[in-house]
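Working notes, beginning with the structure itself.
Only the coordinates and a few stated rules stand behind these numbers; no lab work does. Since this is a predicted model, take the numbers as computed values, not measurements. Virtual Cβ from ideal backbone geometry, glycine too; neighbours counted across all protein chains shown.
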Amino acid sequence: MKISLSCMKKSSIILLLLVGQLNVFGQWAITKQMRAENTLDRLSDKGGLSNSDILYGIPGDPGSVIGDTYLNKNWNKSTILLYQSETMLEGYPIKYDIKNNLIEIKSASGTKILDIRKIKNIVWIDSVTSVTHYFVNGNEYKIDGVPVSGLLEVVADGSVPLLKKTGVYVKQPTYNAALDVGTKDVKIYQKEEIYYATEGQLTRIKNKKDVLAAAGSRYKEVESFIKKNSINLNKENELRRIFDFLNAG
């Protein structure tokens, strides 16, 4: 069977027209750019992107904020004693923003803000653990003659109170775009410091020597108590035991 040259030409033209129509009316799942030989070669290149390659139009991960500035992120039911006329605000859920020295109060009409400087004392019940926490305004005390800002938590009360100061520290991103190293995240973390108070002055407790200094003339008695009970001075609840003993005498 013979096929004329003219028929073959006509068939080729029809085939080309059909392909053209498929390109017009059809849509490929993978584009030509992704099918390109040089793109496939790059995928098989074990070295990946070279140092001279630059990614255009693809934004990198902007990073996130890790942590927050609240002493406790839960809403805790509280009683607040104000300096003004010894007024008390009772039963409101609150949060303490350490960084901004503010108390956020949850009310029926929305969240209200109260400046720490107006507050004398706070007591709240932790909404998760049901543990009661007491706080006093730092302005009642001084460190090296300078009034303390923010709230101090009362760990143990008495003639020689044991107080905890919590600060907020912000670590900025360390990311280096040129070297693609470091982190893009902003990290917020808290640091606690324990103090004892005498005559309105705070002394930070770093070791056993500081604890015995707080005991004053009763230092031998306190030293014996520490030894007898194998007290770990690095634990807050153990320090509380010492000062409860000291203040009970």
**Fill in**
By Cβ neighbour count within 10 Å, fewest first, 90, 223 rank 90, 223
**Prompt:** Zone of residue 234 (label point 7 Å along Cα→Cβ, backbone N under 12 Å): which residues in the stretch 189-218?
**Reply:** none
**Message:** List the residues, sorted by chain then number, that are 5 or more residues from residue 120 or on another chain and whose placed amide H is less than 5 Å from its amide H.
**Reply:** 81, 82, 83
**Request:** Among 141, 134, rank each residue by its count of other Cβ atoms within 10 Å, from fewest to most, as a rough exposure measure.
**Result:** 134, 141
**Fill in**
Of the listed pairs 142/206; 165/220; 77/209; 73/191; 187/208, those with alpha carbons more than 26 Å apart are 165/220; 77/209; 187/208
**Request:** Provide Rg over Rh for the stretch 93-244; use the alpha carbon set for both Rg and the Kirkwood Rh (inverse mean inverse pair distance).
**Result:** 1.07
**Prompt:** What span do the alpha-carbon atoms of the stretch 206-249 cover on each of the three principal axes, reported in whole Å from largest to smallest?
**Reply:** 24, 19, 17
**Request:** Let me know the charge dipole size of the stretch 65-204 about its Cα centre in debye, to the nearest 20, where only the beta-carbon of Lys, Arg (+1) and Asp, Glu (-1) is charged.
**Result:** 280
**Item:** Which of 75, 124 has the fewest Cβ neighbours within 10 Å, and the rest in rising order
**Value:** 75, 124
